[in-house]
Amino acid sequence: MSVHTSARRFPLGRRLLIPFLIVCGVAVALVGGYGAFLSTSLALPKSDEHPPLLIYGAPFFLTPGLHPVDSGLLDHLQRLDYKPVAAAPRVAGEYFATKDSIEIFLHAQEENRLSARPVRLKLMNGIVTEVLSVSDGKPLPLMSLEPVLISGMRSGSRQVREWIPLDRVPPTLIKTLLIIEDRRFFSHFGVDPFAIGRAFWVNMTRGVLVQGGSTLTQQLAKNLYYSPKRTLGRKLREVMAAMALEFKYRKEEILESYLNEIYLGQAGPVSIYGVGEAAHRYFSKNLDELSIDEIALIVGLIKGPNAYSPVKNVVDATTRRNVVLRRLKEEGIVTEDAVAQAMNRPVRVMLNQDVLTDAPYFVDHLLREIEQGIGMDIPDGVRIYSTLDPRAQRIVTQVLQEGLTKLEKRYPALAGVELPLQGAAVVLDVKTGHVLAMVGGRNYQLSQFNRAVQAHRSAGSLFKPFVYLAGFEAARDQGTTGLTPATLLVDEPVTLESGAGSWSPQNYDHQYRGPVTVRTALEQSLNVPAVRTAYRIGITALTSLLHAFGITTPLADDLSLALGSSSVSLLQITSAYAGLANGGVVIHPVALSNMVREGGETIWSPALDRRQAATPQGAFLVTSLLKGVMDWGTGAKARALGVRGPVAGKTGTTDGYRDAWFIGYTPDIAIGVWVGFDDERPLKLTGAQAALPIWSELALRLIPRDSPDFEAPVGVVQRKIDPKSGQLATAQCPEKRVEFFIAGTEPTVYCEVHGGGLWERMKQTFGLSQ
C-alpha cells in the first residue's frame, strides 16, 4: 500500500514542479525585463537639465530727481547683497553713502551686456541731481540696478535651485546624512536588507510604524519617479528602480543627485529642494557657512520636512535637531562639548529676503498671463522680467495683513469665524499699466484664490464717477444746458422706470438734501442724483463707457448699474480709475515686461493695449470731483489719517454692506483695496470704515511726498460759482468756489439766488473778468 502511494506521489510532485519552475522563470524574466527597462529609461537629473524658470522684479532706475529715502534705494541695495563700505567702493557689490553723494559699484548685467562699473549719484537736499560715471565724471544715460529675483519654477513647483556639485558639499554634512539616513550607502546595492530587517522588527515590537528601511537610493527613486502614496506596488517599483540606478550610476552620482533633489519643506510659497536651497532659504547662508547645529537641523528635516519645519514648529524642529546631534556625538563625529553648545543654541531661522519678497498671487497671475499670451506652456530655463516693484510688494503685503488684523480687533464680530475676513490690494503705474504690486488674499498657503483678479464683486459706488463722466462727455454737444460739475441735481424721492420695472432709489442715510451740485452729489456719494443722471444720459451710454474703460464683466441693463449692482474684479476697476488719472487713456494692466532665453533673446513681450476711452477734459473734471471726495467728502478720513498732497479717490460700499472698496490715485500710481468675506457675508462696514484705512496707510508709504498735481488739459476753463445756485458767483454770494468746466459748457448767468452781478458784468464787458 505504501509502495503504491509513494509511486503515485512522485509523478504528482514532478507535475507540480514543472509549472512552478515555469512560473518562476516567467517571473524572473519579467523582473529582469522590467529591470532592464528601468536601467535604460531611468536617468538621474543633471545640473544642466530642466533649468529653473527664473522670475525677476522690475529694474530700479537711477535717475535725476530720485529721492533715495522715499524710493527705498538703500533698502534695495541691501536686498541685492550690496555691502556698505567706509570709503569709495573698489569691487562690484559695494556702495558708499554720504550726505552729498552715493557711490555704487554696480554688478555686471549680462542680459543687458553691461559690465560692472562704479557710478556716483550727486545729491542736493536729499534728492539725486546727477548720475555720473566715476571714471570720467560724465553724465550717464538711463542706469539701473539689476532686478531682484522674486521667484522661480521648476517642474511645476515654485522653487529656485542652484545645483551643488558633490565636491562643494561639506564633508560633515555628508557624514551626518549617511549616519542618520543610510550608514551602509557605499556597501549596499540600492536596497539594505539589514535596515529593512531592523525596521520590520522595531515596527512589529512597537505595534506602530516607527522606522522605515529605505536607502538614499530608494528615497531618490521615490522622489523622482513615483507618487508619495504608500502601496505595496509602489514600494516594489521603488526597490526595482533603486537597484537599476545602482547598476547604472556610480555611488557619488547618486549621492549628488540626492543632495540636490531631496524635499526639505516650504518657506512661504516656495518649495525647498536640496541642501543648498535649504541653507539659502532657512539661514541665508552658503553650505560652507553652516554651523553643526544648522547641518543637524537640515538633515533632521528629511524624516518629516513639514512636521519638523523650523518655520512652522520650532519646538519639534529643535527636538529633531538634538536627536541628530546626539547621534553625531555617539559616532564620534562631533565632540561632547561641541554638541552641548550646539544643543543650547536656539533654532533661529533667518528667512532669506527672496522669500520675503516673493509675491505668490502676483506670480500666479503673471504665469497665467504669459501662458494665455503665448498659447502654450512656458519653456524651461527662461528668464521672466516682470513689472513687480519688490519694495511696493512688501509694503502692500504687510499693510494689508496688519490692516485686516486691526479691523478684527476694532470690530470683534469680524473675527473668530470659519471663513476669515479677507482683503486684496493692487498698485498700478498709471502711465504704463504695469502691475507694481498685487496681494490677492490674507494667506496664500491657506487659499491660492486671487481675490484681486479672480473674485468678481459688486462695484457699489465705484461706478458713480463714470455716470457723471458719461454726462460730461455728452455735454459737449449740449453747450450750457449740458451736465457740468456745477449743474444742480434734485436729491428728492423719485420713482423711475428701469429695465426691471419701476424703481425708487434711496440714499445711504435715507435722507434727502434737495438741489445739490454734481460735485456735492459725488463727494457725498449720493444715490438719487446718480440714478437721475444715469436716467438722463441712458444706460447704453454708461455701459459703452464702462466697456471702454476695461470693464469686461457682464453689466446690468437697468438703472441699478449706476449704483454698481454689477460685479468687477479689483484689478479691472483699479485700471479703470488709472485711466481717469491718465487723462482718459486706459492701458490694459500687464504683469510682464518681457520673457527671454538664457542668451538674452526675447521670446515674448506683451503688446501695449492703449486706448482713449474718454476725452482728457472729461477725465480731468471727474478727477477734480474725486479730489473733492478726499478733501470734503466720503474719503476725507484719509486726510485725518495723514494723507497729504494731490490725490483723488472714491469709496465703494455695496448693498447689504458685503463689500468695502477704496480706489485712489495720483498722476503716477493708482491703488485699489477691497475688503470682504469670501461667502459674501455682510461686513456691516462702509468702504470708508474698512478699506479706506488700509488704502491710507498704503498711500502714506507709496506716494512720494513731492507727488505732482493733476494738470488741466487744454479746453478746460475755471470759473467762480455759487454752490447753492450753480451759477456764476457775485460779490453778494456768501460762499464762492472755483469750479472747472469743459470750454463752452461753463455757466454764463450770474447767481439768481443772492443777486448782484452788475460789477461782474462790467468787468466782463471791459475784459477784466475772471
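Return the residues of region 518-533 that are closer than 14 Å to residue 484 by Cα and open to solvent by less than 10 Å² (accessible area, probe 1.4 Å); say none if nothing qualifies. Residues satisfying the conditions are 518, 521, 522, 529, 530, 533. Just one of the listed residues (355, 334, 349) is at pLDDT below 90, part of a loop (DSSP other than H, G, I, E, B) and surrounded by 15 or more Cβ atoms within 10 Å (Cβ to Cβ), namely 349. Only one of the listed residues (154, 161) is touching a helix residue (DSSP H, G or I) at 6+ places or on another chain (Cβ under 7 Å), buried (at least 18 other Cβ atoms within 10 Å of the Cβ) and modelled with pLDDT under 80. That residue is 161.
Residue count for region 164-180, restricted to those that are more than 18 Å from residue 335 (Cα to Cα) and open to solvent by 40 Å² or more (accessible area, probe 1.4 Å): 3. Selection of region 239-285 for residues being buried (at least 22 other Cβ atoms within 10 Å of the Cβ), without any contact (Cβ under 8 Å) to a residue 40 or more places away in the chain and out of contact with any Gly (no Cβ under 8 Å at 6 or more places or on another chain) yields only 279.
Where strands (runs of 3 or more DSSP E) fall entirely within region 81-135, those with at least 1 residues that are open to solvent by 50 Å² or more (accessible area, probe 1.4 Å), out of contact with any helix residue (DSSP H, G or I) (no Cβ under 8 Å at 6 or more places or on another chain) and among the aromatic types (Phe, Trp, Tyr) are at 94-97.
The listed residues are 340, 413, and the only one of them that is loosely packed, with under 15 Cβ neighbours inside 10 Å, farther than 30 Å from residue 657 by Cβ and out of contact with any Asp or Glu (no Cβ under 6 Å at 6 or more places or on another chain) turns out to be 340.
The listed residues are 509, 477, and the only one of them that is charged (D, E, K, R) and open to solvent by less than 80 Å² (accessible area, probe 1.4 Å) turns out to be 509. Being in a loop (DSSP other than H, G, I, E, B), of a type in the set (Asp, Glu), in contact with a Lys or Arg (Cβ under 9 Å, 6 or more places away or on another chain) and in contact (Cβ under 8 Å) with a residue 24 or more places away in the chain, is that true of even one residue in region 737-758? Scanning region 737-758 turns up at least one residue that is in a loop (DSSP other than H, G, I, E, B), of a type in the set (Asp, Glu), in contact with a Lys or Arg (Cβ under 9 Å, 6 or more places away or on another chain) and in contact (Cβ under 8 Å) with a residue 24 or more places away in the chain.
Residues in region 468-524 that are of a type in the set (Val, Ile, Thr), closer than 20 Å to residue 622 by Cβ and in contact (Cβ under 8 Å) with a residue 40 or more places away in the chain: 480, 484, 487, 517, 518, 520.
Within region 382-398, one or more residues are buried (at least 18 other Cβ atoms within 10 Å of the Cβ), hydroxyl-bearing (Ser, Thr, Tyr), at pLDDT below 95 and within 30 Å of residue 599 (Cα to Cα).
Taking each residue of region 542-564 that is within 22 Å of residue 655 (Cβ to Cβ) and part of a helix (DSSP H, G or I) and looking for partners that are aromatic (Phe, Trp, Tyr) and modelled with pLDDT under 95 with beta-carbon atoms closer than 9 Å, six or more apart or interchain, yields 559/503; 559/535; 560/503; 562/535.
Is one or more of the residues making up region 297-306 in contact (Cβ under 8 Å) with a residue 24 or more places away in the chain and under 23 Å from residue 81 (Cβ atoms)? The answer is yes; a qualifying residue exists. Exactly one residue among 627, 684, 724, 720 is open to solvent by 10 Å² or more (accessible area, probe 1.4 Å), in a loop (DSSP other than H, G, I, E, B) and on the phi < 0 side of the Ramachandran plot, and that residue is 724.
Taking the criterion of being polar (S, T, N, Q), surrounded by 20 or more Cβ atoms within 10 Å (Cβ to Cβ) and in contact with a Pro (Cβ under 8 Å, 6 or more places away or on another chain), the only residue of region 480-506 that qualifies is 484. Within region 722-770, the residues that satisfy the criterion of being of a type in the set (A, V, I, L, M) and either at pLDDT 85 or above or more than 28 Å from residue 710 (Cα to Cα) (or both) are 728, 729, 731, 738, 742, 743, 749, 753, 758, 762.
On the stretch given as region 687-702, residues that are over 20 Å from the mean Cα position of the chain (by Cα) and in contact (Cβ under 8 Å) with a residue 60 or more places away in the chain total 3. For region 93-116, the set of residues classified as over 30 Å from the mean Cα position of the chain (by Cα) and either at pLDDT below 90 or of a type outside the set (Phe, Trp, Tyr) (or both) consists of 97, 98, 99, 100, 101, 102, 103, 115, 116, listed by residue number.
Look at residue 326 and say whether it is in contact with a helix residue (DSSP H, G or I) (Cβ under 6 Å, 6 or more places away or on another chain) and either surrounded by fewer than 17 Cβ atoms within 10 Å (Cβ to Cβ) or touching a residue at least 12 places away in the same chain (Cβ under 8 Å) (or both). No; evaluated as a whole, the condition is false for this residue.
The values are calculated or read from the model by the stated rules, or taken from the named source; none is laboratory data. Bear in mind the structure is a predicted one, so any value in this text is a computation, not a measurement. Backbone-built Cβ (ideal geometry, glycine too); neighbour counts: all protein chains shown. For the accessible areas, the whole protein counts, side chains as well, though only heavy atoms, and no ligand, DNA or RNA atoms are used. Shrake-Rupley method; radii C 1.70, N 1.55, O 1.52, S 1.80 Å.
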